[in-house]
1. Would you tally the residues in region 24-74 being farther than 30 Å from GLY86 by Cβ and surrounded by fewer than 12 Cβ atoms within 10 Å (Cβ to Cβ)?
2. Mind listing whichever residues of region 75-88 are without any contact (Cβ under 8 Å) to a residue 12 or more places away in the chain and either surrounded by 14 or more Cβ atoms within 10 Å (Cβ to Cβ) or aliphatic (A, V, I, L, M) (or both)?
3. So ALA20 clears everything in (1) assigned to a helix (DSSP H, G or I); (2) modelled with pLDDT of 95 or more; (3) open to solvent by 60 Å² or more (accessible area, probe 1.4 Å) except one condition, right? Which one?
4. Output the residues belonging to region 33-64 that are touching a residue at least 12 places away in the same chain (Cβ under 8 Å) and either aliphatic (A, V, I, L, M) or not in a helix (DSSP H, G or I) (or both).
Amino acid sequence: MKEQSVISGKRRLRRRVPAAAASAVEAGEDFDVAFVQKMIPHHNSGIIEFLEPQSRAVHPQLRVAATSGITTQQAQVADFRTWLAGRA
């Protein structure tokens, strides 16, 4: 796997990404489609990650945040799928 730098605010984060994902897609429609296709499984993974703290966190704020994260990411996945379906 290739390592890629990501700038987040004032911090530089390092993350590992598959070589195929690290290669840039030309701007335009192809980029938009590729981005949305990658975000759907990314958000689905996030939803799965939020399930455990939603049910197991001791602090109510964490349970609420996890529930909110699930709701937000589910809505975004639905939006992405609707957008892709409208392109067919």
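1. First, pick out the residues of region 24-74 that are farther than 30 Å from GLY86 by Cβ: 52-66.
Checking the rest, the ones that are also surrounded by fewer than 12 Cβ atoms within 10 Å (Cβ to Cβ) come to 52, 55-56, 58-61.
Going through region 24-74 one residue at a time, the tally reaches 7.
2. ALA75, ALA78, ALA85, ALA88
3. Of the numbered conditions (1) assigned to a helix (DSSP H, G or I); (2) modelled with pLDDT of 95 or more; (3) open to solvent by 60 Å² or more (accessible area, probe 1.4 Å), the odd one out for ALA20 is (2).
4. Once the filter is applied, which keeps residues that are touching a residue at least 12 places away in the same chain (Cβ under 8 Å) and either aliphatic (A, V, I, L, M) or not in a helix (DSSP H, G or I) (or both), region 33-64 yields VAL33, VAL36, MET39, ILE40, ILE47, LEU51.
The values are calculated or read from the model by the stated rules, or taken from the named source; none is laboratory data. Since the model is a prediction, treat every value here as computed from it, not as a measurement. So basically every Cβ, Gly included, is an ideal-geometry build from the backbone, and we count neighbours across all protein chains shown. Quick note on the areas: whole protein, heavy atoms, side chains included, nothing else; ligands and nucleic acids left out. Shrake-Rupley method; radii C 1.70, N 1.55, O 1.52, S 1.80 Å.
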